[in-house]
1. State which residue pairs qualify: first residue in the same structural domain as residue 90 (by the TED database) and inside segment 102-114, second residue assigned to a loop (DSSP other than H, G, I, E, B) and among the acidic types (Asp, Glu) in any location, beta carbons under 9 Å apart, and separation of 6 or more residues or different chains.
2. Restrict the check to segment 230-242 and report whether at least one residue is polar (S, T, N, Q), surrounded by 12 or more Cβ atoms within 10 Å (Cβ to Cβ) and either part of a strand (DSSP E or B) or more than 19 Å from the chain's Cα centre (by Cα) (or both).
3. Of the residues in segment 107-120, how many are under 21 Å from residue 278 (Cα atoms) and surrounded by fewer than 22 Cβ atoms within 10 Å (Cβ to Cβ)?
4. Pairs needed: first member in segment 46-66, in contact (Cβ under 8 Å) with a residue 12 or more places away in the chain and within 14 Å of residue 27 (Cβ to Cβ); second member anywhere, open to solvent by 30 Å² or more (accessible area, probe 1.4 Å) and outside any loop (DSSP other than H, G, I, E, B); C-beta distance under 6 Å; at least 6 residues apart or different chains.
5. Please go through segment 1-57 and pick out each residue that is among the basic types (Lys, Arg), outside any strand (DSSP E or B) and on the phi < 0 side of the Ramachandran plot.
6. Among the listed residues 155, 165, identify the single one that is part of a loop (DSSP other than H, G, I, E, B) and either acidic (Asp, Glu) or open to solvent by 20 Å² or more (accessible area, probe 1.4 Å) (or both).
7. Could you list, in sequence order, all residues of segment 125-162 that are under 23 Å from residue 7 (Cβ atoms) and among the polar types (S, T, N, Q)?
8. Can you report the number of residues in segment 188-210 which are assigned to a loop (DSSP other than H, G, I, E, B), touching a Gly at 6+ places or on another chain (Cβ under 9 Å) and not polar (S, T, N, Q)?
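The values are calculated or read from the model by the stated rules, or taken from the named source; none is laboratory data. Quick caveat: nothing in here was measured; it's all calculated off a predicted structure. In this analysis, Cβ positions are derived from the backbone assuming ideal geometry, glycine residues included, and neighbour counts consider all displayed protein chains. Note: areas computed on protein heavy atoms with side chains; ligands, DNA, RNA excluded. Shrake-Rupley method; radii C 1.70, N 1.55, O 1.52, S 1.80 Å.
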Amino acid sequence: MEPVSLPALSRVALCGGTHGNEMSGVYLVRELQRQKLEKAGSATLTTIISNPRAVQVCKRYTDMDLNRCFTDAILSSPVTDATPYEVRRAQELNTLLGPKGNVGAMDLVCDLHNTTANMGLSLISYSVQDWVIMHIYRQIQRKITSAPVRFILLDLPLADAYSQDSLGKHGFTIEVGPQPHGVVRADIFNIMKEAVDQTLDWVQCFNSGSAFEGGEVDDVYSFVKSVYYPRDPETNQITAAIHPQLQDRDFCLLHPGDPMFLMFSGEIVKYEGEEVLHPFFVNECAYYEKSIAFHLARKMTVTIPPLQVKRD
């Protein structure tokens, strides 16, 4: 591939507490604020607690999921007395970090999350053709050995991108687990901190003129669909749990005929899909309200071009 030159990343935002009970990002952002860290080399660093009300009560959200409030439709919706707090907050964050899709938006937005699923360290974004994000991913994957590192693609147009990282010119989510909601584990915190450190190191190197080689990037997973829990048609109550052979095996190969659920009555529900896919967010606590048991993804390899900063 031909080399690519892109503008320097002069403004970077690190956001924690988008979900108020995912504590690694909350404590990492608070620590950076305590240290008054406001620069990453030549880049200005902004640190934000995204949903302070939810953080204060240690809940995922107060009225609705903030990390589903950043679509164009919600960001442009009129505000009334009945508008949920998280919609108001999303519009405030869009003013601070965006406007989304605008030339004045933050150059890089990194949003920090935890999962109860056994996913290790995942970067989540909306494009595998954002060469800044893919090069950051490759650096993190090469440098971090304390957890498996993977990339999850949510293939949506920018207008429909619903998470906070979509506010920036470049953006991604760092997702680290397993960690129970409402607590902080030192090992999970350190993995997140290492990923943030590697991100800021890459930004400094890029802005200073370092050239990054192209090549193939692996362990990229493209979202295909969600799988829902079996439920009683009359009561809508869950009637099964994740099968023990699938539990804690995020990103494994799920073959047709493999066990997915163990019914509370004892029967086994098997995967009936025709394609071998990879489950992730397996038994994520926060997804019970949506009846989602896990997502399925297709694994792919992405070729990225050589990259360096564009000089004026």
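1. Pairs that qualify, where the first residue is in the same structural domain as residue 90 (by the TED database) and the partner is assigned to a loop (DSSP other than H, G, I, E, B) and among the acidic types (Asp, Glu), are 112/22; 113/22; 114/22.
2. Yes, segment 230-242 contains a residue that is polar (S, T, N, Q), surrounded by 12 or more Cβ atoms within 10 Å (Cβ to Cβ) and either part of a strand (DSSP E or B) or more than 19 Å from the chain's Cα centre (by Cα) (or both).
3. Counting residues in segment 107-120 that are under 21 Å from residue 278 (Cα atoms) and surrounded by fewer than 22 Cβ atoms within 10 Å (Cβ to Cβ) gives 3.
4. 47/33; 55/49
5. Of everything in segment 1-57, those that are among the basic types (Lys, Arg), outside any strand (DSSP E or B) and on the phi < 0 side of the Ramachandran plot turn out to be 30, 34, 53.
6. 155
7. 125, 127, 129, 139, listed by residue number.
8. Counting residues in segment 188-210 that are assigned to a loop (DSSP other than H, G, I, E, B), touching a Gly at 6+ places or on another chain (Cβ under 9 Å) and not polar (S, T, N, Q) gives 0.
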